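The values are calculated or read from the model by the stated rules, or taken from the named source; none is laboratory data. For clarity, every value in this text was computed on a predicted model and none was experimentally measured. Because the Cβ atoms are built from the backbone with ideal geometry, glycine has one as well, and the counts that use them run over all protein chains shown. Protein only, heavy atoms only, side chains kept; ligands, DNA and RNA dropped before computing areas. Shrake-Rupley method; radii C 1.70, N 1.55, O 1.52, S 1.80 Å.
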Amino acid sequence: MQIRKATKSDKKPVLDFCQSPYSGIDYIANVWDFWLKDGAFLAMEHKGKPIGVCHASFSKNQVWIEGLRINPEFRQRGYGSSLVLKTEQIAKRKNYKISRMIISNDNKKSIKLAKSLGYKIESRWYLYNIKPKRKQSQIIPATNPKQIENLIDSNTYSKSWKWFAFDKSAISELIKKRKILVFIQNKKTLAIGVWNDSKIDDDVLQIGYLNGTKSGMKNILYHMQNKGYEQNSRRIQILAQQKIKLKMKDLDKRMLFCLMKKDL
Ligand SMILES: CC(C)(COP(=O)(O)OP(=O)(O)OC[C@H]1O[C@@H](n2cnc3c(N)ncnc32)[C@H](O)[C@@H]1OP(=O)(O)O)[C@@H](O)C(=O)NCCC(=O)NCCS
């Protein structure tokens with residue numbers, strides 16, 4: 001058994017044994033070519049054939065681990081864990097301090113694997129979908145970190161299914177890129193939302209952090225619905241922490257995810 005870089009020709013044999021953990025087509029088919037160029041994309045080889053893969057991307061002080069897949073015929077032998085450990089080794093050598101990954105709350109095997117390697121559940125996030133629609137709202141982009149500081153109640157925010165530190169530098173970058181939306185009434189910020197265009201599906205808009213009053217958050221969602229309507233998006237995905245109680249007509253509550261973290 002050998003761990004090496006994944007290649008273009010691994011794609012077919014790997015996809016052949018991949019069943020999506022989240023039903024439907026496995027998203028790694030769409031990101032494979034990008035992953036070959038980005039970060040570290042590892043394959044485990046057995047008798048010349050790939051029997052597992054794992055991808056890592058690096059940012060600031062964090063390694064993000066994703067796309068862990070082991071051929072069902074080769075599971076329960078420690079190969080999944082070895083791929084994660086190898087990825088962590090690469091990250092440590094490059095001096096990255098934190099490792100994170102996102103796992104569906106129903107994927108008990110993976111959560112167990114992560115916990116056995118020292119990962120802890122940092123936070124839980126619900127995925128919701130909402131359809132684009134013509135809507136009115138009074139949302140503006142945030143212009144100043146002071147405007148939003150009371151509403152940042154998380155170490156992380158999500159962008160295209162990766163979670164990043166929600167620290168000062170991230171906030172000022174997001175403000176510069178007009179990615180933080182605010183709902184203000186009587187000079188008070190009542191809600192914030194951080195949005196992005198999903199990199200995985202190009203016609204999906206995402207909210208990767210949401211907090212505030214019920215009516216404030218509703219306004220942010222109306223704004224996104226309208227944006228989606230104007231740019232012909234298929235849907236708006238919302239990732240909000242489990243503790244955010246989101247209720248709104250047309251909001252489709254989907255799955256719960258665990259954000260796992262380990263200090264390297
Ligand atoms: C999750 C997944 C990657 C795990 O891969 P794996 O190679 O079976 O993982 P490991 O073998 O390292 O660990 C799994 C179990 O095997 C056990 N194990 C490890 N080495 C072993 C060995 N030599 N002999 C017997 N059992 C062993 C582990 O203790 C663990 O047991 P547990 O489930 O009781 O905790 C694999 O099930 C998979 O591809 N699932 C579908 C895709 C998926 O869910 N990916 C993760 C999305 S975040």
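Things to note:
- Meets criteria (of a type in the set (S, T, N, Q) and within 12 Å of the ligand (Cβ to nearest atom)) for Gln62: no
- In the range 99-139, residue most open to solvent (accessible area, probe 1.4 Å) [restricted to those that are within 14 Å of the ligand (Cβ to nearest atom) and assigned to a loop (DSSP other than H, G, I, E, B)]: Asp106
- Flag for Leu181 being outside any strand (DSSP E or B) and buried (at least 20 other Cβ atoms within 10 Å of the Cβ): no
- On inspection, Leu85 fails the criterion of being open to solvent by less than 60 Å² (accessible area, probe 1.4 Å) and farther than 24 Å from Leu205 by Cα.
- Selection count where residues are within 21 Å of the chain's Cα centre (by Cα) and within 12 Å of the ligand (Cβ to nearest atom), scope the range 82-98: 3
- Search result, residues across the range 215-255 that are outside any loop (DSSP other than H, G, I, E, B), open to solvent by less than 70 Å² (accessible area, probe 1.4 Å) and among the hydroxyl-bearing types (Ser, Thr, Tyr): Ser215, Tyr222
- With respect to the conditions (1) open to solvent by 80 Å² or more (accessible area, probe 1.4 Å); (2) within 17 Å of the chain's Cα centre (by Cα), Trp32 lacks only one, and its number is (1).
- Evaluated against (1) of a type outside the set (A, V, I, L, M, F, W, C); (2) open to solvent by 10 Å² or more (accessible area, probe 1.4 Å); (3) within 12 Å of the ligand (Cβ to nearest atom), Gly67 falls short on exactly one condition, (2).
- Candidates Cys18, Cys54: the one that is among the hydrophobic types (A, V, I, L, M, F, W, C), open to solvent by less than 70 Å² (accessible area, probe 1.4 Å), within 13 Å of the ligand (Cβ to nearest atom) and in contact (Cβ under 8 Å) with a residue 40 or more places away in the chain is Cys18.
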